[in-house]
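Down below is the structure, laid out as structure tokens.
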Amino acid sequence: MHITNEQLQLFLTDSNLIPKVKIDEAFTEAEKLKKPLGPILLKKELINEAELQKVYAYVLGIPFVDLTKENIPLEILQIVPEPIARKYSIVSFERQAMDLKVAMLNPEDLQTIDFIKKKSGYKIIPCLTTKESIQAALRHYEKSLKAEFGDLLTVTAEKEDEEDSGSLEKMASDLPVVRIVDTLLKHAILQSASDIHIEPSEKDVIVRYRIDGVLHDAMALPKDAATGIVARIKVLSNLKLDEHRQPQDGRFKIEKDDYRISFRVSILPVFDGEKIVMRLLDESSKGLTLEKMGLMNEGLEIVHREIKKPNGIILVTGPTGSGKTTTLYTIMDILNTPEVNISTVEDPVEYRMPRVNQSQVNPKVGMTFAAVLRSLLRQDPDILMVGEIRDNETLEIALHAAMTGHIVLSTLHTNSAAATLPRMLDMGAEPFLIASTVNVIIAQRLVRKVCQECRREYKLDEKELESLSKSVELEEVIGTLRNNEQLMKRIGPVKTLADVPFYRPGGCEQCGGEGYRGRLGVYEVLEMSTDVRKLVTQSATSEDIDRKARENGMLSMIQDGFLKAAQGMTTIEEVLRVTKE
């Protein structure tokens with residue numbers, strides 16, 4: 001776009017969007033490097049892309065449009081063919097009589113505008129937008145799963161009838177089967193699914209996606225398509241095609257311009273065929289922090305303080321699928337500097353991390369957690385990550401590693417932070433070893449985040465309060481809310497829980513009618529204070545440890561969850577769903 005640095009400098013100075021001193025510094029740098037001023041302002045984070053594009057639009061005298069929350073009708077969207085839209089970053093979004101509004105990143109691309117004008121017969125009105133807006137609009141081209149499968153399934157069924165004796169290799173490479181599997185994977189990625197389940201039954205094959213921790217039916221495919229789909233996924237995962245009686249595990253990766261997804265594949269023989277479960281791991285997602293995951297206030301401060309210690313054990317506990325591994329990887333990312341040597345032993349290796357030596361267990365050849373951990377101690381490590389402490393031997397080695405000057409990160413399957421310490425005693429660890437090596441225990445669950453676009457505010461009535469009082473200590477919860485200054489500033493004085501506004505899920509285009517979008521953690525962070533260490537050496541019960549930790553200021557998961565519900569991040573129903581046993 002032809003906007004001179006002087007024009008942009010002049011407008012920004014007049015608008016007071018950025019301090020004049022900062023604009024002049026950036027302008028001097030742009031002139032010196034002979035580069036446009038806009039990208040330099042973005043790099044210095046003096047302005048965001050949307051604000052900069054609005055400025056460009058104003059200077060050029062054209063409209064600015066944000067399509068991130070727009071639901072564009074398919075018939076208008078398809079006036080501009082998808083290949084053209086993707087190649088030239090141009091999307092049609094509104095039609096009035098013979099006028100067609102298009103969103104573009106470069107409204108001076110007259111050649112593309114002229115092409116669309118000739119093809120459609122409409123008068124084109126260009127509008128400026130952002131890259132994020134274009135990406136959001138391009139997603140509308142994706143058809144529904146059923147519409148996309150219509151013709152494919154017919155062809156696949158015909159092919160399978162024709163070649164009952166055909167080889168599995170040929171079946172796996174047939175175009176309809178390839179397209180079916182590619183489409184299943186593509187839609188799972190688009191819907192941010194964490195797992196894909198492909199389950200054979202007597203009459204058909206059920207495809208389900210786990211989205212935000214909950215399984216949803218995506219598609220029912222004809223039984224005839226099952227053999228080809230299984231064969232195709234085995235080919236992608238480099239597994240044995242002719243093995244149908246033994247479980248198999250594999251992995252493969254899909255890399256595109258805007259994402260890089262690793263698929264962990266598990267194939268299990270069941271009564272009606274072979275069941276496939278694929279775990280999706282987004283390797284392109286960067287910048288995950290403990291704050292973004294949901295750790296807040298005192299708990300966040302404790303974790304940051306404890307991970308800076310030169311030695312000791314940091315434990316993350318919770319059931320399968322509660323985000324334990326993600327928390328460990330996030331902590332490792334914080335600690336991952338050129339000055340330290342980080343080694344891991346995992347089952348399996350989930351995310352690849354640069355500058356981290358990752359080992360995968362393989363019991364068949366003797367590579368157990370304990371064996372690998374023992375070898376890693378001879379590799380001059382500073383930080384060790386053990387995917388899971390499963391037995392006494394692994395626990396003993398981890399405790400001694402922490403005693404001899406290493407930081408050890410690991411997970412355990414327990415229901416609460418306090419229950420972790422008696423569990424370690426049950427596994428045969430010495431009380432004094434646990435008390436002197438464990439630094440902090442983080443217990444966590446994942447709740448679905450309520451959609452910010454369609455959430456509805458409400459207050460608890462007497463009946464709901466009475467029901468809650470049977471499962472939650474209301475006075476503890478009210479005390480937690482009152483102690484949060486930010487919340488009190490927003491909602492004012494609180495006498496009872498009935499004074500606190502909470503939220504219910506609605507259902508809109510943005511969340512696919514679910515009322516929830518994304519997930520975050522609810523935590524309890526148990527710091528090993530002198531009091532707690534003393535209780536551990538006395539082999540105290542989890543109830544005693546929990547009581548002492550709360551006296552010292554630890555928030556339970558329910559308290560943390562209710563605080564997040566009052567702040568509009570999630571709902572009471574979600575908090576109770578994941579915290580109540």
(request) Could you grab me the full set of residues in the stretch 483-509 that are closer than 24 Å to Leu290 by Cα and part of a loop (DSSP other than H, G, I, E, B)? (result) Asn483, Asn484
(message) When you check Thr337 against the structure, is it free of Cβ contacts under 8 Å to residues at least 12 places away in the same chain and surrounded by fewer than 18 Cβ atoms within 10 Å (Cβ to Cβ), yes or no?
(response) yes
(message) For the stretch 404-415, give me each residue that is closer than 26 Å to Leu335 by Cβ and either in contact with a Gly (Cβ under 9 Å, 6 or more places away or on another chain) or open to solvent by less than 10 Å² (accessible area, probe 1.4 Å) (or both).
(response) His406, Ile407, Val408, Leu409, Ser410, Thr411, Leu412, His413, Thr414
(message) I'd like the residue in the stretch 267-291 that is closer than 21 Å to Met353 by Cβ and aliphatic (A, V, I, L, M) and, out of all such residues, is most open to solvent (accessible area, probe 1.4 Å).
(response) Leu288
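Could you tell me which of the residues Ile407, Ile383 is in contact with a strand residue (DSSP E or B) (Cβ under 8 Å, 6 or more places away or on another chain) and closer than 28 Å to Arg279 by Cα?
Values: Ile407 fails: closer than 28 Å to Arg279 by Cα.
Selected residue: Ile383, the only one of Ile407, Ile383 that is in contact with a strand residue (DSSP E or B) (Cβ under 8 Å, 6 or more places away or on another chain) and closer than 28 Å to Arg279 by Cα.
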(message) Just to be sure before I move on: is Leu474 open to solvent by 20 Å² or more (accessible area, probe 1.4 Å), touching a helix residue (DSSP H, G or I) at 6+ places or on another chain (Cβ under 9 Å), at pLDDT 85 or above and not charged (D, E, K, R) in the structure I sent?
(response) yes
(message) For the structure I just gave you, tell me whether Arg423 is outside any helix (DSSP H, G or I) and either without any contact (Cβ under 8 Å) to a residue 40 or more places away in the chain or open to solvent by 10 Å² or more (accessible area, probe 1.4 Å) (or both).
(response) no
(message) Just checking, does the stretch 172-189 include any residue being in a strand (DSSP E or B) and not charged (D, E, K, R)?
(response) no
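Among the helices (runs of 4 or more DSSP H) confined wholly to the stretch 510-581, which include 2 or more residues that are in contact with a Ser or Thr (Cβ under 7 Å, 6 or more places away or on another chain) and among the hydrophobic types (A, V, I, L, M, F, W, C)?
On the way: elements: 530-537, 542-551, 557-566, 572-579.
Hits in the stretch 510-581: 557-566.
Do any helices (runs of 4 or more DSSP H) lying entirely in the stretch 1-114 carry at least 1 residues that are polar (S, T, N, Q), and which ones are they?
Values: elements: 5-15, 20-33, 37-43, 49-60, 74-77, 82-88.
Hits in the stretch 1-114: 5-15, 20-33, 49-60.
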(request) Would you kindly identify the strands (runs of 3 or more DSSP E) lying entirely within the stretch 320-397 that contain at least 2 residues that are at pLDDT below 90? (result) none
(request) Kindly indicate which of Thr344, Thr320, Thr330 is closer than 26 Å to Thr420 by Cα, loosely packed, with under 13 Cβ neighbours inside 10 Å and either in contact (Cβ under 8 Å) with a residue 12 or more places away in the chain or small (Gly, Ala, Ser) (or both). (result) Thr320
(request) Output yes when any residue across the stretch 58-65 is in contact with a helix residue (DSSP H, G or I) (Cβ under 8 Å, 6 or more places away or on another chain), of a type in the set (Ser, Thr, Tyr) and touching a residue at least 60 places away in the same chain (Cβ under 8 Å), and no when none is. (result) no
(message) For the condition among the acidic types (Asp, Glu) and over 18 Å from Leu281 (Cβ atoms), what is the one hit in Glu396, Glu346, Glu350?
(response) Glu396
(request) Mind listing whichever residues of the stretch 242-266 are touching a residue at least 60 places away in the same chain (Cβ under 8 Å) and either of a type in the set (Ser, Thr, Tyr) or open to solvent by less than 30 Å² (accessible area, probe 1.4 Å) (or both)? (result) Tyr259, Ile261, Ser262, Phe263
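Do you know which of the residues in the stretch 47-58 that are open to solvent by 50 Å² or more (accessible area, probe 1.4 Å) and either in contact with a Cys (Cβ under 8 Å, 6 or more places away or on another chain) or not charged (D, E, K, R) (or both) is nearest to Asn106 (Cα to Cα)?
Step one: filter the stretch 47-58 for residues open to solvent by 50 Å² or more (accessible area, probe 1.4 Å), giving 48-49, 51, 54, 58.
Then drop every residue that is not either in contact with a Cys (Cβ under 8 Å, 6 or more places away or on another chain) or not charged (D, E, K, R) (or both), which leaves 48, 58.
Numbers: Asn48: 17, Tyr58: 14 Å.
Checking each candidate, the answer is Tyr58.
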(request) From Glu457, Glu453, Glu396, Glu462, grab the single residue that is in contact (Cβ under 8 Å) with a residue 12 or more places away in the chain, closer than 30 Å to Gly312 by Cα and open to solvent by 20 Å² or more (accessible area, probe 1.4 Å). (result) Glu396
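If I filter the stretch 293-304 for residues that are in contact with a Ser or Thr (Cβ under 6 Å, 6 or more places away or on another chain), over 30 Å from His244 (Cβ atoms) and either open to solvent by less than 40 Å² (accessible area, probe 1.4 Å) or part of a helix (DSSP H, G or I) (or both), do I get at least one hit?
Residues of the stretch 293-304 in contact with a Ser or Thr (Cβ under 6 Å, 6 or more places away or on another chain): none.
No, there is no match, as no residue in the stretch 293-304 is in contact with a Ser or Thr (Cβ under 6 Å, 6 or more places away or on another chain), over 30 Å from His244 (Cβ atoms) and either open to solvent by less than 40 Å² (accessible area, probe 1.4 Å) or part of a helix (DSSP H, G or I) (or both).
The values are calculated or read from the model by the stated rules, or taken from the named source; none is laboratory data. Note that the structure is predicted; figures quoted are calculated from it, not measured. A quick note on method: Cβ atoms are made from the backbone with ideal geometry, for glycine too, and the neighbour counts reach across all protein chains shown. The accessibility values were calculated without ligands, DNA or RNA, using every heavy atom of the protein model including side chains. Shrake-Rupley method; radii C 1.70, N 1.55, O 1.52, S 1.80 Å.
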